[in-house]
Amino acid sequence: MAKQDLILLALNPAPILDLMDRTLHAAGFEVARAYDQTGLNIAVQESIPALMIIGENLAGKDGLTISKDLLERFPTMPIVLYADRDITGLAKSALKIGLSGYLYPPLKMSDIVDEVEKSLARGRKLGDWLRREVKRTTSSLAEKAEISETERNKLEAIIANIQDGVIVIDQHKNILLVNRMIREIFNLNGKETVGRPLVDVIPNADLKALMVRSVEGPLKYHEINFDDGRVFNAQYTPIPKIGAAVTMQDISYLKELDRLKSDFIHTVSHDLRSPLTSILGYTELIERTGPLNENQTEFIKRLQGSIQHITALVNDLLDLGRLEAGFDTRRETVHLESVLKYSLDMFDAQIKKKKIQLTTDITKDVPPLRANPIRIRQMMDNLVGNAIKYTPDGGDIRVSISIVDTQIIFKIEDTGPGIPIDEQSHIFEKFYRATNAPEGVEGSGLGLSIVKSIVESHQGRVWVESFNGAGSLFTVLLPTQE
Ligand code: ADP
């Protein structure tokens, strides 16, 4: 028995209080008294007792409520309730709120000591269990922390040695981490990085532009160019609760390949154009050299058709080359609705022939664009031409021009075969033709790449929305001020 245990008696002054005091003293306990709730609180604060005996009524206050409050503060404290008589239901209430024992007269000295020792033993067991649990949980937490420390080291080693550049920033765009590759790319060796604003550590204009564009959402493609010819593709990925990650891959060799391919196509197209012009010229001259029979006339016609086809292809290729090289700098005031009108007039015969229902919806007072009128017309012709080409006879085409803020929005929707979802990102690539393009509908796959280059050279955007089999909707967004 722990003889130095302090027992606090919170009872109204009465002979039973003296009896308890004497009995417990005699049994070797230290005893303290409190006659009301204030005294009880002070006594508890001064020295946390090992056990309390609380009167069912303490200076007019309900002993059960007082005990309940105490248990909320000291959940493992053994409390014994003392009642002047055994009232029905009181023992039940005492157990319900978690008291350890219940005493009521007639009391023998041994009853008091037995109840106190029993409750103390139970309290100790509870305390031991609690200590063990705390120890177990703490050690399992420590284990977890250790695992995550190892995991973190592993992750850091992977990020450090990865061949892509990785920057992790917090929500205020301060650097949390840069890997070895980023240090090499931006020549940061020896520079303090962690905790500093990204724009201060790496004052690169393209990277700055990426951060600005990042508000639009995760970006798949953004180029970062260096004066020495290196080109990187950068992606910005938001990381919830942390900030964001910027990853960069070196695509210089791909860019070089692309340039070589474009140069090759440009040279070949250029060299083909003169002989094609002279072949077409001679086919026209043949007709003037004398009368031709029916077969000869038919063959010459086919020859001319094919030459015009190749010439159109070569012209498209040359146009693309020029657009991609950034030669399109001519800017004039262009009214989009006038361009659309001319384009629709040109296709009028085809629209009528295919019995296509054409609807136009043009917002009033659309402001003019600063643009290259020839290119804008080319873009419009390609989109309108495709809509007519791919829409079956008797179908519908809806064209609209509207304005939102400073952007002009041109939409063209048809009831053609649509474009499969997984091919929608490819149709703006050179020579790409969708797998569901109807048989007999000819094309080179260059029209939409020209559209994209023209739109982008005017700082605009173009995209398609289409559910396979349910028509296509092409949208072009052009800023009124570049
Ligand atoms: P093409 O000369 O083949 O028409 P484009 O570059 O203009 O080349 O278009 C690329 C491909 O996109 C087309 O081959 C076709 O499969 C698809 N496409 C373009 N416009 C439409 C449309 N309005 N409806 C259905 N498919 C289209």
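The phi-based Karplus calculation (6.51 cos²θ - 1.76 cosθ + 1.60; θ = phi - 60°) puts the 3J(HN,Hα) values of the stretch 446-456 at 9, x, 6, 5, 5, 4, 4, 4, 5, 4, 5 Hz, whole numbers, x for Gly and Pro.
Seen against the Cα atoms of the chain and their longest principal axis, helix 63-73 is set at about 50 degrees.
Taking every alpha-carbon pair under 8 Å whose residues sit at least 6 apart, the stretch 277-416 reaches a relative contact order of 21 percent. Using alpha-carbon pairs under 8 Å, 6+ residues apart, how would you state the relative contact order of the chain in percent? 7 percent.
Our estimate of slack between residue 242 and residue 46, defined as 0.36 nm per intervening residue step minus the Cα-Cα distance, is 65.9 nm. When you count the other C-beta atoms within 10 angstrom of each residue and take the mean per peptide, 229-241, 293-305 line up highest first as 229-241, 293-305.
Report the percentage of all Cα-Cα pairs in the stretch 88-196 whose separation exceeds 20 Å, rounded to a whole percent. I get 68 percent for the Cα pairs in the stretch 88-196 exceeding 20 Å.
Excluding residue 38 itself, what net charge comes from residues whose Cβ is under 14 Å from its Cβ, given Lys and Arg +1 and Asp and Glu -1? Value of the local net charge: -1.
Restricted to Cα atoms, the stretch 308-459 shows a radius of gyration and a Dmax of 15.5, 42 angstrom.
Shape of the stretch 254-324 from the C-alpha gyration tensor: prolate (a/c of 1.5 or more and a/b above b/c, with a ≥ b ≥ c the square roots of its eigenvalues).
Listed by chain and number, the lysines whose alpha-carbon sits under 24 Å from that of residue 355, ignoring those within fewer than 8 places in the same chain, are 341, 389, 411.
Given a cut-off of 29 Å, name the pairs among 144/208; 61/96; 154/191; 255/452; 92/125 whose C-alpha atoms lie farther apart than that in the structure shown. With Cα atoms farther than 29 Å apart: 144/208.
Amide H to amide H, with H built 1.01 Å from N, residue 31 comes under 5 Å of 7, counting only residues 5 or more places away or on other chains. When both the stretch 13-33 and the stretch 416-454 are represented by their alpha-carbon centers, they are found 98 Å apart.
In the chain, helices alone account for a calculated mean residue ellipticity at 222 nm of -15500 deg cm²/dmol, with every DSSP H run of four or more residues adding -39,500 (n - 2.57). Sequentially through the stretch 36-48, phi angles give Karplus couplings (6.51, -1.76, 1.60; θ = phi - 60°) of 8, 5, 5, x, 4, 4, 4, 4, 5, 5, 5, 8, 5 Hz, Gly and Pro residues having no value and appearing as x.
Secondary structure note: in the chain, about 70% of the DSSP beta bridges are antiparallel.
The distance from the alpha carbon centre of the stretch 276-346 to that of the stretch 160-229 is 48 Å, rounded to a whole number.
The ranking of 422, 316, 365, 258 from fewest to most other beta carbons within 10 Å of each one's beta carbon is 365, 422, 258, 316. Ranked by the mean number of other Cβ atoms within 10 Å of their residues, highest first, the peptides 355-361, 441-447, 136-142 fall in the order 441-447, 355-361, 136-142. Between the helical axis of 109-161 and the longest alpha-carbon principal axis of the chain there is an angle of about 20 degrees. Remark on the chain: ratio of C-alpha radius of gyration to 2.2 N^0.38 Å is 1.90.
Axis angle, to the nearest 10 degrees, between helix 373-390 and the longest C-alpha principal axis of the chain: 80 degrees. Our coupling estimate for the stretch 84-98, obtained by passing each phi through the Karplus curve with A = 6.51, B = -1.76, C = 1.60 and θ = phi - 60°, is 5, 8, 7, 8, 4, x, 5, 4, 4, 4, 4, 5, 4, 7, x Hz, Gly and Pro reported as x.
All of the numbers you see were taken from the coordinates with simple rules; none came from a lab. Only a predicted model underlies this, so the values are computations on that prediction, with no experimental measurement involved. No Cβ is skipped: glycine too gets one built from the backbone with ideal geometry, and neighbour counts run over all protein chains shown.
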